[in-house]
1. Of everything in the stretch 30-44, what is open to solvent by 50 Å² or more (accessible area, probe 1.4 Å) and either outside any helix (DSSP H, G or I) or in contact (Cβ under 8 Å) with a residue 24 or more places away in the chain (or both)? Give them in sequence order.
2. Which one is most open to solvent (accessible area, probe 1.4 Å), of the residues in the stretch 1-29 that are over 20 Å from the mean Cα position of the chain (by Cα) and not polar (S, T, N, Q)?
3. Condition (residue is at pLDDT below 80, in contact with a strand residue (DSSP E or B) (Cβ under 6 Å, 6 or more places away or on another chain) and either open to solvent by 70 Å² or more (accessible area, probe 1.4 Å) or not in a helix (DSSP H, G or I) (or both)) applied to the stretch 100-117: is it met by at least one residue?
4. Can you name the residue in the stretch 22-78 that is basic (Lys, Arg) and in contact with a strand residue (DSSP E or B) (Cβ under 6 Å, 6 or more places away or on another chain) and, of all such residues, is nearest to residue 96 (Cα to Cα)?
5. Does residue 36 meet the test of being within 16 Å of the ligand (Cβ to nearest atom) and farther than 18 Å from residue 109 by Cα?
6. With respect to residue 70, determine if the residue is buried (at least 17 other Cβ atoms within 10 Å of the Cβ) and either modelled with pLDDT of 85 or more or under 30 Å from residue 124 (Cα atoms) (or both).
Amino acid sequence: MAALNRCPHCRQHTIPRLLKLTARHRSPAVCPACGGRSCTGITPLSLLAHFGLILVCGTLLRAAARIGNRWTLLAVLALFGGGFLYICYRTPLVKLERFPLQRNIAIVVVALLFAAGGGWWFLSGSA
Ligand SMILES: [Zn+2]
């Protein structure tokens, strides 16, 4: 795991990628070089990627529910979880102090889209 992420404060590659995955608002990644705190940012691109992932997995989930195979359902859920982690992995770190409100709104929007999208797919599939 030699891959390091760029610190948004001092612009050096100091933060391990695995640490970045756990870097959240409440437990930020701390740069060993400058001590700057940062967390995984949500960019318009990552929001779009999450939305696309939700749509694709929602479609697959609906198909899997129709097939009725438990393992197919689990595979789709694993794909969704993996895709979600992958997008978080690719999303650059941002300064913790930057855009906290926008970030929270983005998280709420993604959660709502997921809930609404999932419910809609399931309801329209069983009708
Ligand atoms: Zn730094």
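1. Once the filter is applied, which keeps residues that are open to solvent by 50 Å² or more (accessible area, probe 1.4 Å) and either outside any helix (DSSP H, G or I) or in contact (Cβ under 8 Å) with a residue 24 or more places away in the chain (or both), the stretch 30-44 yields 30, 32, 33, 34, 37, 42.
2. The qualifying residue most open to solvent (accessible area, probe 1.4 Å) is 1.
3. If we filter the stretch 100-117 for residues that are at pLDDT below 80, which is where we start, we get 100-107.
After this cut, where a residue has to be in contact with a strand residue (DSSP E or B) (Cβ under 6 Å, 6 or more places away or on another chain) as well, the list is none.
No, that holds for no residue.
4. 37
5. Against the criterion (within 16 Å of the ligand (Cβ to nearest atom) and farther than 18 Å from residue 109 by Cα), residue 36 qualifies.
6. So residue 70 fails the test.
The values are calculated or read from the model by the stated rules, or taken from the named source; none is laboratory data. These numbers were taken from a predicted model, which means no experiment stands behind them. No Cβ is skipped: glycine too gets one built from the backbone with ideal geometry, and neighbour counts run over all protein chains shown. What goes into the accessible areas is simple: the full protein's heavy atoms, side chains included, and nothing from ligands, DNA or RNA. Shrake-Rupley method; radii C 1.70, N 1.55, O 1.52, S 1.80 Å.
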